[in-house]
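First comes the structure, then the notes that go with it.
Bear in mind that the values in this text are calculations on the coordinates, not laboratory data. Computed from a prediction, not measured in an experiment: that's the story for all the values here. Here the Cβ is made from the backbone with ideal geometry for all residues, glycine too, and neighbour counts use every protein chain on show.
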Ligand SMILES: [Zn+2]
């Protein structure tokens, strides 16, 4: 679609790049922003600039943080050291954290190994996990990944890498439907999945 205006078209093109937003939705959002109070539109643009400037990866767990050093969870001395819950994304970490089920620390992989999409082990935070395991004397790796073929392959890959170490490896129980993302799991199912986690 061509709106005849360069500025509007530029905004539509940028919105189109967001996940789940096609050209139709992007156009609707762009016109919404144009009709919005200037103050609200500026708030939106400045919060985008703000996250891009200030949010970075925690040097320990790779979760998003605005802190200069490690994130709030890694810096919290009340967290139990030993068990590390491995998740695909900061979003999944937030879901588990909000469920209040887990008191250890996390490790965010930022994806899973998916050769068909060109994502190999070096594209996700596996190297970082291995150096953490050595530094922190991790006692258990709890995989809280989605129930997909790629996630299972990632679990097997990492398990092999740490197989010589004295570390327990578990994954959440299969209360989680096949193909389901952690972010859509309700608290009760998640709590059962944690309780009944299985050794690998
Ligand atoms: Zn952290």
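Estimated from the Cβ-Cβ distance and a Förster radius of 30 angstrom, the FRET efficiency linking residue 195 and residue 162 is about 0.80.
Between residue 40 and residue 94, take the C-beta separation as r, use R0 = 25 Å, and let me know the FRET efficiency to the nearest 0.05.
0.50
D by Stokes-Einstein for the chain, Kirkwood Rh over Cα pairs, 37 °C, 0.692 mPa s: 172 µm²/s.
Diffusion coefficient of segment 24-69 by Stokes-Einstein, Kirkwood radius over Cα pairs, 10 °C, 1.306 mPa s: 126 µm²/s. Using only Cα atoms and rounding to the nearest 10 degrees, what angle (0 to 90) does helix 126-136 make with the longest principal axis of the chain? That helix lies at roughly 50 degrees to the long axis. For the chain, relative contact order (Cα pairs under 8 Å, six or more residues apart, normalised by length) works out to 15 percent.
Rounded to the nearest 10 degrees, the inclination of helix 23-35 to the longest alpha-carbon principal axis of the chain is 60 degrees. For the chain, the 222 nm mean residue ellipticity estimated from helices alone, with every DSSP H stretch of n ≥ 4 adding -39500 (n - 2.57) and the total spread over all residues, rounds to -13000 deg cm²/dmol. For the chain, the longest principal axis of the C-alpha atoms and the axis of helix 38-54 are separated by about 40°. Note on residue 173 and residue 116: their simple-model spin labels are 3.1 nm apart, each label 7 Å out from Cα toward Cβ. Rg of the Cα atoms in segment 49-115, relative to 2.2 N^0.38 Å, amounts to 1.13. Neighbour counting of Cβ atoms within 10 Å sorts the residues 148, 27, 105, fewest neighbours leading, into 148, 27, 105.
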